[in-house]
Amino acid sequence: MPITTDPVPHIPTSRRDRRAAAVGGRPDDQVPVRTRRRSKHRHLIVGTAGAADSSAPALQPTLSDPFLTLLSVPDPVLPTARQLAFDELDTPLYATTFVVVDLETTGTSPDGDAITEIGAVKVRGGEVLGEFATLVNPGYEIPPAIVRITGITTAMVYAAPRIEAVLPGFLEFAAGAVLVAHNARFDTAFLKAAAARQDIAWPNPQVLCTVKLARRVLTRDEAPSARLGVLAQILGASTTPTHRALDDARATVDVLHALIARVGNQGVQSLTELLDYLPGVTGTQRAKRTFANDLPAAPGVYLFRGPSDEVLYIGTAVNLRRRVRNYFTGSETRGRMKEMVALAQRVDHVDCAHGLEAGVRELRLLAAHAPPYNRRSKFPKRGWWLSLTDEPFPRLVAVRTPTRTALGPFNSRTDAVDVGLTIAEFARLRTCATRLTRAAKHTCQPALVGGCPAAREDGVDAAGYTPACDSVRDLLTGRSDALVRAMLDRIETYSAAEHFEAAARLRDRAVAVVTKLARTQRLSALARLAELIIALPDGAGGWEFSVIRHGRLAAAGVARRGTPPMAVVDQIVAAAETVVPDLGDAAPSKERVPSRAAMPIPGIVDAPATTDPSEPPASPIMAPSLAEPAGSRADRPPMFAHDVPPLLGAPPEEVGVIARWLAKPGARIVRTSDGYCEPLHGAARWVAWAQLAREAAEVRSEQEQYLAQR
């Protein structure tokens, strides 16, 4: 771009001048007069500073040229393009060049949507150095919802340049400056995506977000919202945001200057002081960075300890030194964590072989110490389970300790009760609390609204009530999904009758049932294995091994590249922890425990019997039958899978961490005692439907998504 320059402008030196410049002031005799000169580029206007020329027209955008790029340059010599360093402690704000940018786009996804307009204003010392604005042809039709917001139509951008022609000029315009944007993550994400598609190296400039700065400077009483329109009105911006790029960029300039004026009274005079002020890092917090000096750059668990050596906080990391160091920098913005760091006196750590061991050890340490600054996983026994009561007319109740045929755990009793009511409704299981003997009859009467699901006009005896209990057991153990199908059939019935609100409510209830069933059945399948050995590539040619016994991590190790992996497996198996499953009230006597040979698992071919001590132990728990028809309970062995607690005493969160590790790309099963399988008619087949239904319930219109990002 051809840019003409003039001598260096006035730089304020006195305290009064610097303070005036920080908020946009300048001595009157130094104000340049803008003139306009048309360049050879159709979409570019270059302005220069000089003596007043009465023959020069005022600088105004031409409405007949919708893809106009304005670049007014009242300030002369542009600095040499140079990347600013983060640690430039003596860069005063009045000497810092800011490029305030705003984008208009076709949506909210940097990968799937495109830029339709770029507007930018370059400022230094409170003075505008130049402006850059142009419409951009996205290459396809602009969605109507976006047109209603921005007013930019497909016809307006039809003849505009593509982003491939615009982006290099913008990067040149912004070179060497601090990039400023309102919700900078949104704008920089689109610019980075556009640069990546063109194979242009992103210059990685220093970025300042006025949303974060406003939330740091202004209280909720002053600014209940950090939206640009609200801040522009509160701070008295001279330009009103219109969802057009250049107008919004000009309004953001005024907001930036007003916020800098606020922090200037607090001693923030340089760029680095502003960046440090933004997250509110104190000197005491930075001084404790030495706590991380002796930590290894390896996976593990870290423990912050307080004045009395009590554990304040426990966390896990793949790189202990880097993660702990972040607590003493501006990247940590949580108020509770700052309070914790202020109390901390030292940091302990536990080395781990890989991420799974770190995650499991974190859960166990949380349960042991219950640190005050951790919010989750401190009380693993506080979950709720749905279990069938042991009475002639069973019903589903929420309990703390799971019994045989249980579903859970749930975070709250309310969630457990809601799922239980949904299952009871379709299974016709009673919800009344009346005590009934085996010889009695259930006599609740049907009601038009609500009422007991098991109500019959003529009542029902224990024998007639048994099929309802069997259908619930079949659902929980994965022997039948008839109840789930009944829920989906009723949703279809409601939709066909155009009762869409009723269909949506039942859809959400069915999603909760399917999600919890799938999770419980998956974790139960892991907990029933006497031994499971998992291998995961470490990304450097080696393997990360984990020995799982009845849903608990028993041993962990790593085989580096070039190390025979099976030798490592044999070593960690030999040193693995012994895990005894908790069979609950279903623990049988030795005479009743069937042998592995006497109880083959349908669908899995067992290896011949062996006396090799290296062979993994066989589980006394038989996996659920994948082909056993409903109603064949009389032929069932006395010790069966659903006659024991689902997780055999294993902590649900630990089993969940192991399940997520097993689902990682590249994970392999080295060997297992009984073969890993989930029930054939379990809820796993309905997980895809539940995910689709959940997304449908959470979807927002394009217009709502776009406005939420601005």
Looking only at region 427-436, decide whether some residue is out of contact with any Phe, Trp or Tyr (no Cβ under 7 Å at 6 or more places or on another chain), buried (at least 21 other Cβ atoms within 10 Å of the Cβ), assigned by TED's automatic domain parsing to the domain that holds L506 and part of a helix (DSSP H, G or I).
yes
Quickly run through region 139-168 and pick out the residues that are free of Cβ contacts under 8 Å to residues at least 24 places away in the same chain and either of a type in the set (S, T, Y) or in contact with a Lys or Arg (Cβ under 6 Å, 6 or more places away or on another chain) (or both).
T153, T154, Y158
Criterion violated by A342 - all others in (1) closer than 30 Å to W543 by Cα; (2) in a helix (DSSP H, G or I); (3) of a type outside the set (S, T, Y) satisfied:
(1)
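Look through A175, A189 and report the one residue that is in contact (Cβ under 8 Å) with a residue 60 or more places away in the chain and assigned to a loop (DSSP other than H, G, I, E, B).
On the way: A189 fails: assigned to a loop (DSSP other than H, G, I, E, B).
Of the residues listed, the single one that is in contact (Cβ under 8 Å) with a residue 60 or more places away in the chain and assigned to a loop (DSSP other than H, G, I, E, B) is A175.
Residues I533, I572, I548: which one is surrounded by 14 or more Cβ atoms within 10 Å (Cβ to Cβ), more than 25 Å from E678 (Cα to Cα) and of a type in the set (V, I, T)? Full working, then the answer.
Details: I533 fails: more than 25 Å from E678 (Cα to Cα); I548 fails: more than 25 Å from E678 (Cα to Cα).
Going through I533, I572, I548 in turn, just one is surrounded by 14 or more Cβ atoms within 10 Å (Cβ to Cβ), more than 25 Å from E678 (Cα to Cα) and of a type in the set (V, I, T): I572.
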Out of the residues in region 346-370 that are assigned to a loop (DSSP other than H, G, I, E, B) and modelled with pLDDT of 95 or more, state the one that is surrounded by the fewest Cβ atoms within 10 Å (Cβ to Cβ).
A353
Between residues in region 193-205 that are assigned by TED's automatic domain parsing to the domain that holds G169 and residues that are assigned to a loop (DSSP other than H, G, I, E, B) and loosely packed, with under 13 Cβ neighbours inside 10 Å, which pairs lie under 8 Å by C-beta distance while being six or more apart or on different chains?
A193/D111; A195/A201; P203/Q83; N204/Q83; P205/Q83
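Results for (1) farther than 26 Å from L662 by Cβ; (2) without any contact (Cβ under 8 Å) to a residue 40 or more places away in the chain, shown as yes or no for each residue.
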position	(1), (2)
G464	yes, yes
P467	yes, yes
V484	no, no
H499	yes, yes
D508	yes, no
T515	no, no
I534	no, no
P564	no, yes
A575	no, yes
Quick one: which residue in L488, L475 is crowded, with 19+ Cβ neighbours inside 10 Å and either touching a residue at least 40 places away in the same chain (Cβ under 8 Å) or under 21 Å from R522 (Cβ atoms) (or both)?
L475
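Yes or no: region 145-156 includes at least one residue that is over 24 Å from L256 (Cβ atoms), buried (at least 19 other Cβ atoms within 10 Å of the Cβ) and in the same structural domain as R244 (by TED's automatic domain parsing).
Taking region 145-156 and keeping what is over 24 Å from L256 (Cβ atoms), we get 145-148, 151-156.
Restricting the remaining residues to those that are buried (at least 19 other Cβ atoms within 10 Å of the Cβ) gives 146, 152.
Remaining after also requiring in the same structural domain as R244 (by TED's automatic domain parsing): 146, 152.
Yes - at least one qualifying residue is present in region 145-156.
Please verify whether region 504-512 includes one or more residues that are in a helix (DSSP H, G or I) and of a type in the set (V, I, T).
Kept after step one, since they are in a helix (DSSP H, G or I), are these residues of region 504-512: 504-512.
Those still in the list that are of a type in the set (V, I, T) too: 511.
Yes, some residue in region 504-512 is in a helix (DSSP H, G or I) and of a type in the set (V, I, T).
Listed here are the residues, each with its yes/no results for (1) small (G, A, S); (2) under 28 Å from A226 (Cβ atoms).
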{"site": "G151", "(1), (2)": "yes, yes"}
{"site": "P161", "(1), (2)": "no, no"}
{"site": "V166", "(1), (2)": "no, no"}
{"site": "L171", "(1), (2)": "no, yes"}
{"site": "N183", "(1), (2)": "no, yes"}
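The values are calculated or read from the model by the stated rules, or taken from the named source; none is laboratory data. Everything numeric in this text was worked out from a predicted model, so none of it was measured. In this analysis, Cβ positions are derived from the backbone assuming ideal geometry, glycine residues included, and neighbour counts consider all displayed protein chains.
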